[in-house]
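In what follows, a single structure is set out as structure tokens and then discussed.
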Amino acid sequence: MADLTAQVRKPGLSGEAPNRVAVSASDVFDAAPDASYILHYVNGATTTGAAVFTVVDPTTPIPEGSAAVPGFADAEIFDGTLDADEERYVRISNTNRFRDANGQITLEHTGTLTTVTLAILGPYPAGG
């Protein structure tokens with residue numbers, strides 16, 4: 001698990017070069033409450049194969065008497081193959097659902113992650 005907090009950027013009007021870092025099976029970053037973030041995934045030369053990328057939801061309780069299991073409310077942000085040279089933008093519109101007790105958001109990734117990188121932009125106002 002990698003802590004990507006230091007990689008989060010909030011570019012201004014003058015712009016900023018993207019700061020992409022390699023993803024692992026599970027990554028975290030510190031997230032402000034009541035905020036939104038943009039995740040920009042870029043894949044290089046190696047296809048991911050069957051991949052699932054999720055944002056973990058640690059706050060939604062399992063409904064009493066249901067057959068739901070932990071993780072049932074995680075947000076699946078990508079399910080499929082991320083081809084070579086393919087990009088994917090994702091927006092977390094409100095962090096409150098996804099922040100854990102430490103104020104971090106956990107991103108989980110499966111598949112072949114050899115050339116997958118991520119840039120995190122934010123925080124921005126929640127909603128919209």
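Bear in mind that the values in this text are calculations on the coordinates, not laboratory data. These figures come from a predicted structure and were not determined experimentally. With ideal geometry, Cβ positions are generated from the backbone for all residues, glycine too; neighbour counts draw on all protein chains shown.
Here is how the numbers come out for the structure above:
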item	result
Check on residue 90, in contact with a Leu (Cβ under 6 Å, 6 or more places away or on another chain) and under 19 Å from residue 8 (Cα atoms)	yes
The range 101-119 residues that are free of Cβ contacts under 8 Å to residues at least 60 places away in the same chain, paired with ones that are part of a strand (DSSP E or B) (beta carbon under 7 Å, 6 or more apart)	none
Which numbered condition residue 33 fails, given (1) assigned to a strand (DSSP E or B); (2) in contact (Cβ under 8 Å) with a residue 40 or more places away in the chain	(1)
Pick from the range 1-30, criterion farther than 22 Å from residue 45 by Cα and in contact with a helix residue (DSSP H, G or I) (Cβ under 9 Å, 6 or more places away or on another chain), ranking: surrounded by the fewest Cβ atoms within 10 Å (Cβ to Cβ)	30
Yes/no for residue 79 being touching a residue at least 40 places away in the same chain (Cβ under 8 Å) and either in contact with a strand residue (DSSP E or B) (Cβ under 8 Å, 6 or more places away or on another chain) or among the hydroxyl-bearing types (Ser, Thr, Tyr) (or both)	no
